Amino acid sequence: MTNEHSAGKDNILAFLVQATNKHNLFIDITLNVNGAIVTGTILSAKDYFVSLSETFVDGSEVAQQLSEKFAQAGEAIDSEDGGEASFIHLKDAKVFCGSRKSIPSKGEALWRGALSDINGFYLDNIPDSAEDDDEESDNGDYQSLKEKNSKLTDRIGKLEEMIAKLSPDNKNEDKSEDETESDEKQDSSEDTSNEDEEKEKSQKKRSGTKSGSTKTKKKASAKKTAKSE
């Protein structure tokens, strides 16, 4: 580690990778790789090839051959006497390229990269909470849009009601209703006047009948008086 940077590699990062290969360490790390961000946990080269071998073990004949090759590569690395590291291996890896959403977004992934392509790093990984925040943000945006659509629908409904009230057909209906009410009032007043006339006629008849009976009674009393004389 006399030179901090040699052969295009960061020697500090190379030292961390060598320590992981020798002592089977697990170190959380985030890397800057040509504009992309790669985050995960460093694992040894042997564990990387063993895990890669296991992903092909239950496949076709070709997949099984690949599984054997990867297993042999892991054994060869384990037998080496700590040579200089040229690649870094990550498990649970996620790649961010100008977005808060990672690739892959779910599940576990193995990642292998050349140390010479890494521009910078820090010893921690990006937590999954960033993805949760992103999902909450998406849900919040959806709810906000849903509320806006609901308010817009209500406004459109009120506007349609106002337009319907201002339409000519609706005015004619209002007029016909007013005319109907006026006719009903007129009919009611006519009925009332007819009733009043009938009452007056009835009263006149009654008064005429009374006056006639009075005259008859007077004539009868006059006759009685004449006879007595």
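A compact table of results
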item	result
Failed item, numbered, when residue 17 is tested on (1) of a type in the set (A, V, I, L, M, F, W, C); (2) more than 44 Å from the chain's Cα centre (by Cα); (3) open to solvent by 40 Å² or more (accessible area, probe 1.4 Å)	(3)
Candidate set from the stretch 20-41 (those that are small (Gly, Ala, Ser) and open to solvent by less than 60 Å² (accessible area, probe 1.4 Å)); member that is farthest from residue 123 (Cα to Cα)	36
Meets criteria (more than 44 Å from the chain's Cα centre (by Cα) and at pLDDT below 90) for residue 77	yes
Looking only at the stretch 42-71, and only at residues there that are open to solvent by 90 Å² or more (accessible area, probe 1.4 Å) and under 45 Å from the mean Cα position of the chain (by Cα), the one that is modelled with the lowest pLDDT	58
Lone unmet requirement of (1) of a type in the set (Gly, Ala, Ser); (2) surrounded by fewer than 12 Cβ atoms within 10 Å (Cβ to Cβ); (3) under 20 Å from residue 14 (Cβ atoms); (4) at pLDDT 80 or above for residue 82	(4)
Among (1) in contact with a helix residue (DSSP H, G or I) (Cβ under 8 Å, 6 or more places away or on another chain); (2) open to solvent by less than 40 Å² (accessible area, probe 1.4 Å) - the single one residue 96 does not satisfy	(1)
Residue within the stretch 65-87 that is touching a strand residue (DSSP E or B) at 6+ places or on another chain (Cβ under 6 Å) and not charged (D, E, K, R) present	yes
Among (1) surrounded by fewer than 18 Cβ atoms within 10 Å (Cβ to Cβ); (2) over 45 Å from the mean Cα position of the chain (by Cα), the one test that residue 9 misses	(1)
Candidates 152, 115 - the one that is modelled with pLDDT of 70 or more and within 30 Å of residue 91 (Cβ to Cβ)	115
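The values are calculated or read from the model by the stated rules, or taken from the named source; none is laboratory data. If you're wondering where the values come from, they're calculated on a predicted model, not measured in any experiment. Glycine gets a Cβ as well: all are built from the backbone with ideal geometry, and neighbour counts include every protein chain shown. What goes into the accessible areas is simple: the full protein's heavy atoms, side chains included, and nothing from ligands, DNA or RNA. Shrake-Rupley method; radii C 1.70, N 1.55, O 1.52, S 1.80 Å.
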